[in-house]
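Shown next, in structure tokens, is the structure this report addresses.
The values are calculated or read from the model by the stated rules, or taken from the named source; none is laboratory data. The model shown is predicted, which means the values in this text are computed figures rather than measured ones. Here the Cβ is made from the backbone with ideal geometry for all residues, glycine too, and neighbour counts use every protein chain on show.
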Amino acid sequence: KDVTPETPADTPEPRSDVRISSPDRVIFPESGQTKGELADYYRTIAPLMLPFAAGRPISLVRCPQGRARHCFFQKHDSGSFGPHVSHVPIREKDGGTEDYLYITDADGILACVQMGTIEFHGWGAKAEDVEQPDRMIFDLDPDEGLGFDEVKRAARDIRRRLSDLGLVSFAMLSGGKGVHVVVPLTPGHDWETHKDFSKRFAEALSLAEPDRFVATMSKAKRKGRIFIDWLRNQRGSTAVLPYSARARAGAPVAIPISWEELDKMKDAHPFSISDAKTLMDRARDKALQGWGFVTQTLPDL
Ligand code: ATP
Ligand code: MN
Ligand code: MN
């Protein structure tokens, strides 16, 4: 399998000419980080985030007055983000067309932060061909009160089952409660095939181990179990992008993690936006080289 050899951790911090207004505004009241600090975080980690974020339609969680005030999930825009944020028209289910956002560089990320963005979520396809998905995600959502050890075990089991099908997968800590198991795919199949595969994979898992897994969203059925959220794999769905900050208490971030490292983790939010330097150092570790990059196609299921 063809693994991309280097991460961009060694490239110099890009300069940005996006002005951040109200940099002293506290965005994370529990831990005290400001809008300026959030911008600093993104400016620093942009080289790590861009390989996953650039050129992909995105949705944003914007909290202009901070995470404790009104936040909203934004999918469309017609130009209010300025010249660093691009638009791609995408056909909607109802037959109409909407402009979705995408960014290509650090300025794009910062232009979104300037607009009050905390979280970046991405489509499972690139803007250049939104009808051909290029990654599958199994978003593990544990029931309230289920220990993180159970989530880790689930992630490892999914990895093994994917591997049995010939697919390489990667783990990401969501920065919230769960783990995302990420399967990069070479574009070449449609959304219907993509969705069907992930649905059948999740259903097979819940059939094999009904005490541990559910494949339906119903909260009642989740009791003591992990919901294998395959619904991230439908056309138009998004998942939080690697290195995105989360609009949650403590300013946690979503991070790629090696399978070995996952074993040692106590929860899904070990790092915050105050750990940018640590995350940059960490990205140079051998274990993280090539994370999220592999050439493979979806087998028949
Ligand atoms: P956790 O590990 O805590 O579950 P998560 O990012 O996986 O964190 P989920 O609640 O499982 O959070 O959300 C899954 C995805 O649903 C998000 O990553 C996001 O892309 C999408 N999403 C979240 N909020 C909205 C919304 N208001 N509208 C549409 N999609 C949303
Ligand atoms: Mn989740
Ligand atoms: Mn989910």
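Out of the residues in the stretch 149-177 that are surrounded by fewer than 21 Cβ atoms within 10 Å (Cβ to Cβ) and among the small types (Gly, Ala, Ser), which is nearest to ligand 2 (Cβ to nearest atom)?
Among those residues, the one meeting the criterion is GLY176.
Could you check the stretch 222-271 for strands (runs of 3 or more DSSP E) lying wholly inside it with 3 or more residues that are within 16 Å of ligand 3 (Cβ to nearest atom)? Spell out the reasoning first.
Working: elements: 226-229, 238-240, 255-257.
Here the list reads 226-229, 238-240.
Inspect the stretch 103-111 for any residue being over 25 Å from GLU37 (Cβ atoms), in contact with a helix residue (DSSP H, G or I) (Cβ under 8 Å, 6 or more places away or on another chain) and either of a type outside the set (Asp, Glu) or not in a strand (DSSP E or B) (or both) and give the result as yes or no.
First pass over the stretch 103-111, keeping only residues over 25 Å from GLU37 (Cβ atoms): none.
Scanning the stretch 103-111, I find no residue that is over 25 Å from GLU37 (Cβ atoms), in contact with a helix residue (DSSP H, G or I) (Cβ under 8 Å, 6 or more places away or on another chain) and either of a type outside the set (Asp, Glu) or not in a strand (DSSP E or B) (or both), so the answer is no.
(1) crowded, with 18+ Cβ neighbours inside 10 Å; (2) touching a residue at least 60 places away in the same chain (Cβ under 8 Å): which one isn't true of MET280, the others all being true?
For MET280, the failing item is (1).
Pairs, please: C-beta under 7 Å, at least 6 apart or cross-chain, first residue in a strand (DSSP E or B) and in the stretch 54-70, second within 16 Å of ligand 2 (Cβ to nearest atom) and β-branched (Val, Ile, Thr)?
Correct list of pairs: SER59/THR238.
Tell me the residue from ASP143, ASP149 that is among the acidic types (Asp, Glu) and free of Cβ contacts under 8 Å to residues at least 60 places away in the same chain, please.
Working: ASP143 fails: free of Cβ contacts under 8 Å to residues at least 60 places away in the same chain.
Every option except ASP149 fails the conditions.
Could you tell me whether the stretch 93-100 includes any residue that is touching a residue at least 24 places away in the same chain (Cβ under 8 Å) and surrounded by fewer than 16 Cβ atoms within 10 Å (Cβ to Cβ)?
Taking the stretch 93-100 first, the residues touching a residue at least 24 places away in the same chain (Cβ under 8 Å) are 93, 100.
Add one more test, that the residue is surrounded by fewer than 16 Cβ atoms within 10 Å (Cβ to Cβ), and what stays is 93.
There is at least one residue in the stretch 93-100 that is touching a residue at least 24 places away in the same chain (Cβ under 8 Å) and surrounded by fewer than 16 Cβ atoms within 10 Å (Cβ to Cβ).
Which of the residues that make up the stretch 205-216 are in contact with a Phe, Trp or Tyr (Cβ under 7 Å, 6 or more places away or on another chain) and within 15 Å of ligand 2 (Cβ to nearest atom)? Full working, then the answer.
First, the residues of the stretch 205-216 that are in contact with a Phe, Trp or Tyr (Cβ under 7 Å, 6 or more places away or on another chain): 205-206, 214-215.
Those that are in contact with a Phe, Trp or Tyr (Cβ under 7 Å, 6 or more places away or on another chain) and within 15 Å of ligand 2 (Cβ to nearest atom): VAL214, ALA215.
Checking the structure you have, find out if any residue of the stretch 177-188 is assigned to a loop (DSSP other than H, G, I, E, B), modelled with pLDDT of 95 or more and within 16 Å of ligand 1 (Cβ to nearest atom). Can you show your working first?
Just the residues of the stretch 177-188 that are assigned to a loop (DSSP other than H, G, I, E, B), to begin with: 177-178, 185-188.
With the extra rule that they be modelled with pLDDT of 95 or more, the set shrinks to 177-178, 185-188.
In the following step, the residues that additionally are within 16 Å of ligand 1 (Cβ to nearest atom) were identified as 177-178.
The answer is yes, given that some residue of the stretch 177-188 is assigned to a loop (DSSP other than H, G, I, E, B), modelled with pLDDT of 95 or more and within 16 Å of ligand 1 (Cβ to nearest atom).
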